[in-house]
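In what follows, a structure is listed as structure tokens, so that the remarks can point back to it.
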Amino acid sequence: MLAADPGASIASIAAEAGVDRRTVYRRFACREDLLAAIYESRVTAIEKAIREARLREAPVAVALHRYVESIIAVNRTWPVDLARMLADDEIRRRRDACIAEVDLFLERATAEGLLRRDQPERWAGPLLPELVHLAAHQQTHLSPAQAADVVVDMFLYGVGVPRQRTQEPMEENISGP
């Protein structure tokens, strides 16, 4: 509900959950406490996805797919307004640490030759979450694994090392007088 309507009231959230609003207030003193719990859950899920992808030790292509698949699932499970999430200093710090970890992984992917070195600096880092977001929210008919296949293929062959050409280069059409 909060993804669709960030201003949703506790009463409407409780009704959607099938509980009385007093039940929600027993657990969360106010709407901001509920939002903080949601943001905490989202960041914890992102941290878990990074750990389980083994970005530092798994083969780069394997780690990339694991990470993307998990983050697609996180985006579908916790589709909250990220700008509001960043108002909390601790959540922002943890999110920034996640971004730094992924950036280190992308540097490793470049060093190992999976990503092209001739792209603008810091291009791959912002591009990957955009592709993940598109897959998570516009390709909902795909499972997280299937959507990760699409994202990884697009990411690697959009900013990755170019595939070998299977055809001879086209000859220039030179026409004389």
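The values are calculated or read from the model by the stated rules, or taken from the named source; none is laboratory data. The structure displayed is predicted, hence computed values, not measured ones. Every residue, glycine among them, receives a Cβ derived from its backbone with ideal geometry; neighbour counts consider all protein chains shown. Side chains included, ligands, DNA and RNA excluded: accessible areas come from the protein's heavy atoms. Shrake-Rupley method; radii C 1.70, N 1.55, O 1.52, S 1.80 Å.
When the residues of segment 47-70 are filtered to those that are among the basic types (Lys, Arg) and in contact with a Leu (Cβ under 9 Å, 6 or more places away or on another chain), the one that is surrounded by the fewest Cβ atoms within 10 Å (Cβ to Cβ) is Arg56.
Criterion applied to Ala63, Ala73, Ala53, Ala124 was being among the hydrophobic types (A, V, I, L, M, F, W, C) and either in contact (Cβ under 8 Å) with a residue 60 or more places away in the chain or under 30 Å from Asp33 (Cβ atoms) (or both), and the one residue passing it is Ala73.
Out of Glu32, Glu40, one residue alone is in contact (Cβ under 8 Å) with a residue 40 or more places away in the chain and part of a helix (DSSP H, G or I). It is Glu40. Of the numbered criteria (1) outside any helix (DSSP H, G or I); (2) over 19 Å from Leu2 (Cβ atoms); (3) open to solvent by 30 Å² or more (accessible area, probe 1.4 Å), the one Pro79 fails is (2).
Filter segment 88-123 down to the residues that are more than 20 Å from Glu57 (Cα to Cα) and within 18 Å of the chain's Cα centre (by Cα), then identify the one that is modelled with the lowest pLDDT. Ranking the candidates gives Arg122 first. If the condition is being at pLDDT 85 or above and assigned to a loop (DSSP other than H, G, I, E, B), then segment 1-29 contributes Gly18, Val19, Asp20, Phe28, Ala29. The single residue among Leu134, Leu106, Leu127 that is open to solvent by 40 Å² or more (accessible area, probe 1.4 Å), part of a helix (DSSP H, G or I) and farther than 20 Å from Ala45 by Cβ turns out to be Leu127.
Tell me whether segment 155-167 contains one or more residues that are open to solvent by less than 40 Å² (accessible area, probe 1.4 Å), at pLDDT 90 or above and part of a helix (DSSP H, G or I). Yes; the residues of segment 155-167 include at least one that is open to solvent by less than 40 Å² (accessible area, probe 1.4 Å), at pLDDT 90 or above and part of a helix (DSSP H, G or I). Within segment 23-46, the set of residues being open to solvent by 50 Å² or more (accessible area, probe 1.4 Å) and within 30 Å of Leu106 (Cβ to Cβ) comprises Glu40, Thr44. The single residue among Arg117, Arg93 that is closer than 19 Å to Ala45 by Cβ and free of Cβ contacts under 8 Å to residues at least 12 places away in the same chain turns out to be Arg93.
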